Amino acid sequence: MKKTYLILALAVGLVSSCSMDTEPLGSLPESEATKTPEDFTSLRNGLYSALRISVGGDNFNTPIDVQGDQFHATSLNSNTLGDFYRWDFTTQNDYVGTVYANYQGTIARANVIIDGYNKCDMSDETVFTPDAMTTVRQAKGDAFFARAYSIFMLSQYFCADYEKETADEPNSGVSYRTDYAPSSNPSTYPARKTLKETMKQVKDDLDSAAYYLEPIAPANFYYVTMDAITALRARLALAMGEYKTAADYAASLVDGGIYMLANGTSEIKEMWADNGDMETIMQMQIGGSTDQYPATSGSYYLLINDNVDFVPTKTLVDLYSPGDRRFDAYFTKINVVNSVGASATVYGFNKYPAATRLYQENTSNSTRSLIEPKVFRIAEMYLIAAEGYAQSDDLTKAAYYLNELERNRIANYADQTFASREAAMQEIMRERQREMVGEGTRMFDLKRWHMALERGEAQDESILGFTASSYITQPANANRMTWPIPKNETDLASQIVQNPGY
């Protein structure tokens, strides 16, 4: 029997068995079960498991990056993510369904905690001691954050860019619940909100998260903190075009001096390969060999058994100056032998190298290039501050935050000044490409900037696959800039309106 993803309430594989994830695989306790502090602890563990699966890796980064303009398919590619590369993916695509389902499942988990907190009798102070109440309140704060994050990310994949003029249009936002009420009747599920209502829900949930979460000292980047809330507020404001607000939130994290930028190539490599805490505002913990791992991105870009599916475009490679310390961390020379035996030496993408710390600890194919998914890094906050101030015409501040980032990334860097918003934005756009490549942000950036897609020049045309799509171009208003709502959802819950063009 088919079910909508909202009805499922829990996407497959959201729970694992490490110390942070103690619930049985596939279970989702009813809110009536939340009667003790231990119940909230268990639910909180499951919530973090859901978040971990929904942050990065194969499902959430690679398809949307392959869809973009920074990678070319090789002739060795046997249709891996081919529909994204060709721009002909449909409402029945498995990756589309997985992304949608996992975020909806995380929302459902958050709703269980919030409803459970609201209904739980906490009058017995011998059970709900002050220390226990701190834990219970943290669980509720985490739930509000997780719901805010999931609704926001659904809006990024499945909604058009936020514009004040169109944000009130019907069915422009996300379909979501703010209570836990699973039902087999699709008619009970809500239609899509407007995008304005959707973003207001994210803001309200972040306010609630801040209310229930007490500052954690020392801050632990494996959990939601006030700084993680601020980072998501910065992303949200940027997506909504509230540029000064976005810049101020991001700058507050930069100026706080807690999160240091990686400087040399070795530190940048360590940040990824060893899951180093350099730059980390929040990342998701992977605790042991029995964890259910988030799918990894690296294997699509690495030369494994003489095969590699995607290589960077020459256009991307050429964005890095000779002194850019990221280059040796993000790229490595590989020799690709094409399908007819000719070979070419090109740069492969190595931001997620095969032998990460987690792979060395548990050498299996499932851990190749596995990292602890990074939710927020301070480098992104430098970029948001620079973009927000540039779009607010505060070019001095925009240059300050951009120069601070690039000075740490590029040897012998000379500070830049900008005479116009357009000049500043040109460099900020290039720097976002250099810094955030492979982290699933490029298509969201193009959509936010209303930019057409033009896939870059090849490093070597002899190794290209899907040649008709190698230099694909798409206008800024192309329908597939926004992913479709999965077919199961619209078939069984007709009140959920499909995106245009599908």
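Candidates in the range 466-493 are the residues that are more than 30 Å from SER339 (Cβ to Cβ) and free of Cβ contacts under 8 Å to residues at least 60 places away in the same chain; of these, the one that is surrounded by the fewest Cβ atoms within 10 Å (Cβ to Cβ) is PRO475. Of everything listed in (1) open to solvent by less than 20 Å² (accessible area, probe 1.4 Å); (2) of a type in the set (Phe, Trp, Tyr); (3) touching a strand residue (DSSP E or B) at 6+ places or on another chain (Cβ under 8 Å); (4) at pLDDT below 95, the single unmet condition for TYR300 is (1).
Table: residues versus (1) open to solvent by less than 20 Å² (accessible area, probe 1.4 Å); (2) out of contact with any Lys or Arg (no Cβ under 7 Å at 6 or more places or on another chain); (3) over 14 Å from ARG137 (Cα atoms).
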site	(1), (2), (3)
MET199	yes, yes, yes
LEU213	yes, yes, no
TYR223	no, yes, no
ASP227	no, yes, yes
THR230	no, yes, yes
LEU238	yes, yes, yes
GLU242	no, yes, yes
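Among the residues making up the range 333-369, those that are in contact with a Pro (Cβ under 8 Å, 6 or more places away or on another chain) and among the aromatic types (Phe, Trp, Tyr) are TYR347, PHE349.
Could you tell me whether any residue of the range 45-53 is within 30 Å of PRO130 (Cα to Cα), out of contact with any helix residue (DSSP H, G or I) (no Cβ under 8 Å at 6 or more places or on another chain) and surrounded by 22 or more Cβ atoms within 10 Å (Cβ to Cβ)? Let's see the steps before the verdict.
Pass one, the range 45-53, residues within 30 Å of PRO130 (Cα to Cα): 45-52.
This time we only want the ones that are out of contact with any helix residue (DSSP H, G or I) (no Cβ under 8 Å at 6 or more places or on another chain), so: 45, 49, 52.
Next, from what is left, pick out any that are surrounded by 22 or more Cβ atoms within 10 Å (Cβ to Cβ): 49, 52.
Yes, the range 45-53 has at least one match.
When the range 340-358 is limited to residues that are over 27 Å from TRP272 (Cα atoms) and either among the small types (Gly, Ala, Ser) or touching a Lys or Arg at 6+ places or on another chain (Cβ under 7 Å) (or both), the one that is least open to solvent (accessible area, probe 1.4 Å) turns out to be ALA344.
When only residues in the range 66-102 that are assigned to a helix (DSSP H, G or I) and free of Cβ contacts under 8 Å to residues at least 60 places away in the same chain count, which is surrounded by the fewest Cβ atoms within 10 Å (Cβ to Cβ)? Steps first, answer last, please.
Going through the range 66-102, the residues assigned to a helix (DSSP H, G or I) turn out to be 66-67, 82-86, 94-102.
With free of Cβ contacts under 8 Å to residues at least 60 places away in the same chain added as a condition, the list becomes 83-84, 94-95.
Working: ASP83: 16, PHE84: 22, ASP94: 11, TYR95: 19.
Among them, the one singled out is ASP94.
Can you pull out the residues in the range 233-259 that are in a helix (DSSP H, G or I) and within 10 Å of ILE281 (Cβ to Cβ)? Correct list: LEU253 only. Scanning the range 128-185 for residues that are open to solvent by 30 Å² or more (accessible area, probe 1.4 Å) and assigned to a helix (DSSP H, G or I) yields PRO130, ASP131, MET133, THR134, THR135, ARG137, GLN138, GLN156.
Just to check your reading of the model, which residue among ASP328, ASP318, ASP277 is at pLDDT below 90, open to solvent by 60 Å² or more (accessible area, probe 1.4 Å), charged (D, E, K, R) and more than 20 Å from ASN59 (Cα to Cα)? Let's see the steps before the verdict.
Numbers: ASP328 fails: at pLDDT below 90; ASP318 fails: at pLDDT below 90.
None of the other options fit; the residue is ASP277.
From SER339, SER289, SER343, grab the single residue that is under 25 Å from SER75 (Cα atoms), of a type in the set (S, T, N, Q) and modelled with pLDDT under 90.
Numbers: SER289 fails: under 25 Å from SER75 (Cα atoms); SER343 fails: modelled with pLDDT under 90.
Just a single option satisfies the conditions, and that option is SER339.
The values are calculated or read from the model by the stated rules, or taken from the named source; none is laboratory data. Computed from a prediction, not measured in an experiment: that's the story for all the values here. Don't worry about glycine lacking a Cβ; one is built from the backbone with ideal geometry, like all the others, and counts go over all protein chains shown. Heads up: the accessible areas ignore ligands, DNA and RNA and are worked out on the full protein's heavy atoms, side chains in. Shrake-Rupley method; radii C 1.70, N 1.55, O 1.52, S 1.80 Å.
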